[in-house]
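Reviewing the structure listed below.
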Amino acid sequence: MTEKEIMLLADENIMNTYRRFPIALRKGSGTRLWDVNGREYLDLVAGIAVCNLGHCHPNVVAAIKDQADNLMHVSNLYYTEKQAQLARLLVENSFADKVFFCNSGAEANEAAIKLARKYAHENMEPDKFELITMKDSFHGRTMATITATGQEKFQFGFTPLLAGFSYVPFNDLTALEKAITAKTCGIMLEPIQGEGGVIIPDAQYLAGVRDICDRHGILFIMDEVQTGMGRTGKLFAYEYSKIQPDIMTLAKALGNGFPVGAMLATNKIAKAFAPGNHASTFGGNPLAMAAAVATVKTMLQDGILEQSCQTGEYFLSRLKKLRQKHQIITEVRGRGLMLACGLSVEGSDIVNECLKRGLLINCIGGKTLRFVPPLIITTQEVDQAIDILDAVMEGK
Ligand SMILES: *Cc1c(COP(=O)(O)O)cnc(C)c1O
């Protein structure tokens with residue numbers, strides 16, 4: 001099909017929930033994508049922080065092909081090897097003792113909210129079920145997760161929302177402490193806010209939240225759906241803070257593009273779930289597990305995280321230089337390869353012009369450019385991206 005035919009067919013038949021760019025992509029490899037006309041793009045979006053090892057990483061492709069030849073799906077009523085192995089890998093490399101598998105970030109957060117409520121129901125005083133979440137957060141698009149998301153634009157038109165949520169500004173320990181009531185059972189936040197604009201809290205903030213949770217005997221839920229799997233230069237972003245959450249959610253990059261999510265917890269908390277309390281038909285599906293095992297193993301073996309930290313620092317330094325040159329850049333920030341540029345103007349023109357020059361970047365909240373490339377991006381490719389941004393911003 002031609003690009004035009006694909007676009008027409010899609011627009012006629014797919015619900016209008018996405019504003020799409022006028023290109024149809026056909027192939028990906030590493031940091032590169034090609035559209036149906038054979039045009040090449042340097043991809044700094046990576047499926048929105050999903051393809052952290054790059055598109056179609058050979059280890060992940062081989063694992064999926066091999067698994068597809070043998071077993072694609074069985075119910076969680078039975079054991080499968082890759083599911084056990086992935087759980088072990090995640091437990092070995094995190095604070096957690098137990099894992100629940102699902103298919104997406106929203107679903108992982110739903111599971112976290114349910115586990116927190118169940119744990120509270122069994123272990124705290126009656127009537128403790130409320131969660132405090134952050135303004136400008138993002139936790140997904142289901143009813144519970146849009147409720148947890150502290151942004152009205154995601155909630156508008158979908159009321160009534162779920163009961164039992166309240167919101168405080170991110171990076172504000174005083175407001176958080178004040179918001180705790182007799183009904184609070186936990187706090188849920190992203191260690192770095194992603195959709196909210198790549199907002200990095202003060203160095204002591206997460207430790208402060210941990211301290212508040214401990215003093216009040218409530219749970220700390222960390223949504224690492226975007227920050228996890230190496231995005232910030234460590235496997236999980238909480239590792240920078242020297243503290244640990246009680247519950248953590250993962251999805252996006254866990255399968256390097258294969259849909260998979262996970263909710264992790266300590267034994268103490270995980271014990272609140274018994275057979276029948278929660279489930280997912282596809283959760284822990286053999287294909288997803290094979291993809292995720294290959295993803296996690298590759299990420300831990302090949303020095304990818306260390307390399308990505310260096311590339312991230314280089315990228316940040318080049319963005320800082322760009323800021324000195326272009327007045328429209330108000331701020332640059334980021335950690336690892338989760339980077340952003342604040343702008344004084346709308347970013348959509350810049351994104352469109354970059355696209356025309358073969359560079360894919362992402363604009364969030366109107367005035368923030370976000371860069372979440374595959375972690376394998378080279379400094380030469382960063383230079384290439386910076387040159388395009390520089391040219392596009394010229395005269396703006
Ligand atoms: C993307 C994202 C989600 C939602 O994940 P889906 O797979 O789209 O449901 C939740 N939390 C954070 C922090 C995210 O970035």
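Quick look at the numbers
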item: Pairs where the first residue, in region 186-197, is closer than 15 Å to A108 by Cβ and of a type in the set (A, V, I, L, M, F, W, C) and the second is in a strand (DSSP E or B) and near the ligand (Cβ under 9 Å from one of its atoms), C-beta under 7 Å, 6+ apart; result: M188/D223; L189/D223
item: Segments classed as helices (runs of 4 or more DSSP H), wholly inside region 100-162, with at least 2 members that are buried (at least 24 other Cβ atoms within 10 Å of the Cβ), near the ligand (Cβ under 10 Å from one of its atoms) and modelled with pLDDT of 95 or more; result: 105-123, 143-148
item: Residues (touching a Phe, Trp or Tyr at 6+ places or on another chain (Cβ under 8 Å) and in a loop (DSSP other than H, G, I, E, B)) located in region 163-200; result: G164, N171, K183, E190, P191, G194, E195, G196
item: Close pairs from region 224-236: first among the hydroxyl-bearing types (S, T, Y), partner part of a loop (DSSP other than H, G, I, E, B) and within 12 Å of the ligand (Cβ to nearest atom), Cβ under 9 Å, at least 6 apart; result: T227/E190; T227/P191; T227/I192; T227/G194; T232/P191; T232/I192
item: Number of the exception - G38 against (1) closer than 16 Å to G261 by Cβ; (2) small (G, A, S); (3) out of contact with any strand residue (DSSP E or B) (no Cβ under 6 Å at 6 or more places or on another chain); result: (1)
item: Residue match in region 302-323 (condition: part of a loop (DSSP other than H, G, I, E, B), surrounded by 20 or more Cβ atoms within 10 Å (Cβ to Cβ) and not hydrophobic (A, V, I, L, M, F, W, C)); result: no
item: Selected residue [more than 26 Å from K252 (Cα to Cα) and modelled with pLDDT of 95 or more] from Q327, Q310; result: Q327
item: Matching residues, region 79-99, being touching a strand residue (DSSP E or B) at 6+ places or on another chain (Cβ under 9 Å), closer than 24 Å to M338 by Cβ and not in a loop (DSSP other than H, G, I, E, B); result: L86, L90, V99
item: Enumeration of residues in region 202-234 that are within 16 Å of the ligand (Cβ to nearest atom) and either of a type outside the set (A, V, I, L, M) or closer than 19 Å to G47 by Cβ (or both); result: F220, D223, E224, V225, Q226, T227, G228, M229, G230, R231, T232
item: Some residue of region 41-59 being more than 16 Å from the ligand (Cβ to nearest atom) and more than 23 Å from the chain's Cα centre (by Cα); result: no
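The values are calculated or read from the model by the stated rules, or taken from the named source; none is laboratory data. Only a predicted model underlies this, so the values are computations on that prediction, with no experimental measurement involved. FYI the Cβ positions are ideal-geometry reconstructions off the backbone, even for glycines, and counts take in every protein chain you see.
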